[in-house]
Amino acid sequence: MEQKRTRPFPHSVLGIGNALVDLIYKLPSDQVLRDLRLPKGSMTLVDPQRARNIQEYLHSVSPTLSTGGSASNTISSIASLGGRCGFIGRTGKDDPHGLFYTSDLENHGIRAHFSQSEIQTGTAITLMSPDTERTFATCLGAAATLCAEDLDPAVFEGYDYFHAEGYLAQNYPLLETAISMAKRAGLAVSLDMASYNVVVEHRGFIGKMLERGVDIVFANEEEAEAYTGKKELEALLELSRQVPTAIVKLGPRGSIVMDKGRLHVISAESVEKIDSNGAGDSYAAGFLYGKSIGLSTQACGEIASTVATEVVKVVGPKLGPEKWAEILPKIREIEKKDLSCPKSEI
């Protein structure tokens, strides 16, 4: 008689990234991007003065505020799925955006491993084009002052997975030290490539990190091609030569996953896309949540696709409580079905 898998006690995920408050603007046209000299779909680092100039240019558009940063979005969604989480970051000392950020994490039950800076909390000006593509003008603020020396090995104890955003490739010692500490503590490490222009600029370093201990890598089509010089399946195969689990997200066409030499094709529901901001972060959340509770790779991909599909239907990078209430029963069904399957069928 084949042994059935039972759901283990949920494990936990620790994230690290830039703690940024998103200022989300819906643009009337892409002319705004041209006027501001911001490449569509990119992430551009800006200093405080340029950030102020952009906001002044957009004075007639009221932004929506949200806690942000790629890894933070992922951790927040894992918590909403029912996972236990923590997040490493830095905010400004007692400034309004920093207090808003910390309060939001606490409200989601996320343990904040935060340090503070005299510099103000960073912001990500998120410019959403009419076709829902998003472009970022990011002022890192306090987040830029987080350094390798600030990391405490004790923080990594008690977690099972460690997730880092590719934007930290702007700070080689920080990302390298964080990954090393996670591996020494026995955590599985995942890395989201984050943005094609980050991959282009830091390709060599990212490759070094993949080979030194990354277990799971997330990339969209553009990022995968920027890193490998190849498209879709060929890019996935190239990535899988460096890490045990490689994922290439294909937008509305779903995603492809190579896990320990086995290919998984994940479909995506066809929906009307309102805002693509946060879709990749949400995909990573669903996948890592599934891994953390022992689901099969196929089920992890299905949960990831379910969450990402819902996120593109709303404005902003995360789902609200009402939307989570709608999709959690569907996710629980995926879990139940997968955990009841004999191991030989996975």
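Please list the non-local residues whose amide H lies under 5 Å from the amide H of residue 111, H modeled 1.01 Å from N, same-chain partners needing a gap of 5 or more.
85, 86, 87
Tell me the label-point distance for the pair residue 340, residue 172, using the 7 Å Cα-to-Cβ offset, in nm and rounded to one decimal.
Going by the 7 Å Cα→Cβ label model, 5.3 nm.
Which distance in nm do the two modelled labels at residue 184 and residue 37 give, with both placed 7 Å along the Cα-to-Cβ direction?
4.3 nm
Return the long-range amide H neighbours of residue 163 (sequence gap of 5 or more, or a different chain), with a cut-off of under 5 Å between placed amide H atoms.
14, 15, 16, 190
So what is the accessible area of the stretch 78-138 per residue, in Å², with the probe set to 1.4 Å? The partial results should precede the final answer.
Numbers: 2530 Å² over 61 residues.
Result: 42 Å² per residue.
As a test of reading the structure, rank 313, 318, 336 by solvent-accessible area (1.4 Å probe, protein chains only), most first.
Details: 313 75, 318 40, 336 140 Å².
Listed by decreasing accessible area, they come as 336, 313, 318.
Taking all protein chains as present, what is the carbon and sulfur share of the accessible area of the chain, in % to the nearest whole number, probe 1.4 Å? Walk me through the numbers before you get to the answer.
Numbers: 7490 of 14760 Å².
Accessible surface attributable to carbon and sulfur in the chain totals 51 percent.
Residue by residue through the stretch 53-69, what is 3J(HN,Hα) from phi via Karplus (6.51 cos²θ - 1.76 cosθ + 1.60, θ = phi - 60°)? Round to whole Hz and write x for glycine and proline.
Ordered by residue, 3J(HN,Hα) equals 4, 5, 5, 5, 4, 9, 4, 7, 10, 8, x, 9, 9, 7, 5, x, x Hz.
Normalise the Debye intensity by I(0) for the stretch 153-209, one equal point scatterer per Cα, no solvent, then take log10 at q = 0.16 Å⁻¹ and round to two decimals.
Reported log10 I(q)/I(0), two decimals: -0.46.
For the stretch 147-157, take each phi angle, set θ = phi - 60°, evaluate the Karplus expression 6.51 cos²θ - 1.76 cosθ + 1.60, and give the result in whole Hz per residue in order, putting x for glycine and proline.
My calculation for the stretch 147-157 gives 9, 4, 5, 7, 6, 10, x, 5, 4, 7, 5 Hz in order.
How big is the Kirkwood radius of the stretch 13-81, worked out from every pair of different alpha carbons and given in Å to one decimal? Before the final figure, lay out the partial values.
Values: mean 1/r = 0.0721 Å⁻¹.
That comes to 13.9 Å for the stretch 13-81.
If you take every DSSP beta bridge whose two residues both sit in the chain, what share of them, in percent to the nearest 5, is antiparallel? Before the final figure, lay out each step's value.
Details: 23 of 62 bridges.
Counting only bridges with both partners in the chain, antiparallel ones make up about 35 percent.
Which value results when the Cα radius of gyration for the chain is divided by 2.2 N^0.38 Å?
Values: Rg = 19.1 Å, N = 346, 2.2 N^0.38 = 20.3 Å.
Here the Cα radius of gyration is 0.94 times the empirical estimate.
Averaging the inverse of every distinct alpha carbon separation and then flipping it gives the Kirkwood radius. What is it for the stretch 184-254, in angstrom units? Spell out each step's value before the answer.
Working: mean 1/r = 0.0829 Å⁻¹.
After inverting the pairwise mean of 1/r, the radius is 12.1 Å.
Given points 7 Å out from each Cα along the Cα-Cβ axis, report the residue 52 to residue 131 separation in nanometres with one decimal.
With each label placed 7 Å out from Cα toward Cβ, I get 3.5 nm.
Which order do peptides 205-215, 157-167, 25-35 fall in by mean Cβ count within 10 Å, highest first?
Per-residue mean Cβ counts within 10 Å order the peptides as 157-167, 205-215, 25-35.
Using R₀ = 30 Å, calculate the FRET efficiency as 1/(1 + (r/R₀)^6) where r is the Cβ-Cβ separation of residue 270 and residue 100; round to 0.05. Write out the running numbers ahead of the final one.
Numbers: r = 36 Å, r/R0 = 1.18.
The calculated FRET efficiency here is 0.25.
Taking only DSSP H segments of four or more residues, each worth -39500 (n - 2.57), what value at 222 nm results for the chain once the sum is divided by all its residues, to the nearest 500 deg cm²/dmol? Don't skip to the answer; put the middle values down first.
Working: 12 runs with 135 residues, N = 346.
When only DSSP H runs of four or more count, the value is -12000 deg cm²/dmol.
Which whole-number percent gives the relative contact order of the stretch 1-134, counting Cα pairs below 8 Å spaced six or more residues apart? Before the final figure, lay out each step's value.
Numbers: 214 pairs, mean separation 52.8, N = 134.
Relative CO of the stretch 1-134 lands at 39 percent.
For the stretch 193-250, what is the accessible area per residue in Å² when the probe is 1.4 Å? Kindly include the intermediate steps, with their values, before the conclusion.
Working: 2380 Å² over 58 residues.
Heavy-atom accessible area per residue stands at 41 Å².
Between residue 147 and residue 333, what length in nm is gained on full extension when 0.36 nm per residue of separation is reduced by their alpha carbon distance?
Values: separation 186, 0.36 × 186 = 66.96 nm, distance 4.17 nm.
The residue 147-residue 333 span can extend by a further 62.8 nm.
Taking only protein heavy atoms and a 1.4 Å probe, what accessible area per residue, in Å², does the stretch 24-63 have with all protein chains in place? Don't skip to the end; give the middle numbers.
Numbers: 2420 Å² over 40 residues.
Solvent-accessible surface per residue comes out at 61 Å².
For the chain, what is the relative contact order in percent, using Cα pairs closer than 8 Å and at least 6 residues apart in sequence? Walk me through the numbers before you get to the answer.
Values: 744 pairs, mean separation 65.8, N = 346.
It rounds to 19 percent for the chain.
I'd like to compare 220-231, 190-201: which one has the highest average count of other Cβ atoms within 10 Å, and what's the full order after that? Walk me through the numbers on the way to the answer.
Details: 220-231: 19.3, 190-201: 22.2.
With the highest mean Cβ count within 10 Å placed first, the list reads 190-201, 220-231.
Around residue 213, under 12 Å between beta carbons, what's the net of Lys plus Arg minus Asp minus Glu among the other residues?
Values: positive: 183, 184, 208, 212; negative: 176, 211, 215.
So the surrounding residues net to +1.
With Kirkwood's inverse mean 1/r over C-alpha pairs for Rh, give me the Rg to Rh ratio of the stretch 31-143, two decimals please. Write down the numbers at each step before the final one.
Numbers: Rg = 15.0 Å, Rh = 15.1 Å.
Using Cα coordinates only, the ratio equals 0.99.
Taking the stretch 107-208, how much of its Cα-Cα pair set, in percent, is spaced more than 17 angstrom apart? Write out the running numbers ahead of the final one.
Working: 3217 of 5151 pairs.
Percentage above 17 Å: 62.
May I ask for the Kirkwood hydrodynamic radius of the stretch 234-346, worked out over all distinct Cα pairs and given in angstroms to one decimal? Could you put the intermediate results ahead of the total?
Numbers: mean 1/r = 0.0693 Å⁻¹.
Kirkwood hydrodynamic radius for the stretch 234-346: 14.4 Å.
The values are calculated or read from the model by the stated rules, or taken from the named source; none is laboratory data. Not measured: the values here are computed from a predicted model. Note: ideal-geometry Cβ built from the backbone for every residue, glycine included; neighbour counts use all protein chains shown. Accessible surface is based on the protein model in full, side chains and every heavy atom, while ligands, DNA and RNA are left aside. Shrake-Rupley method; radii C 1.70, N 1.55, O 1.52, S 1.80 Å.
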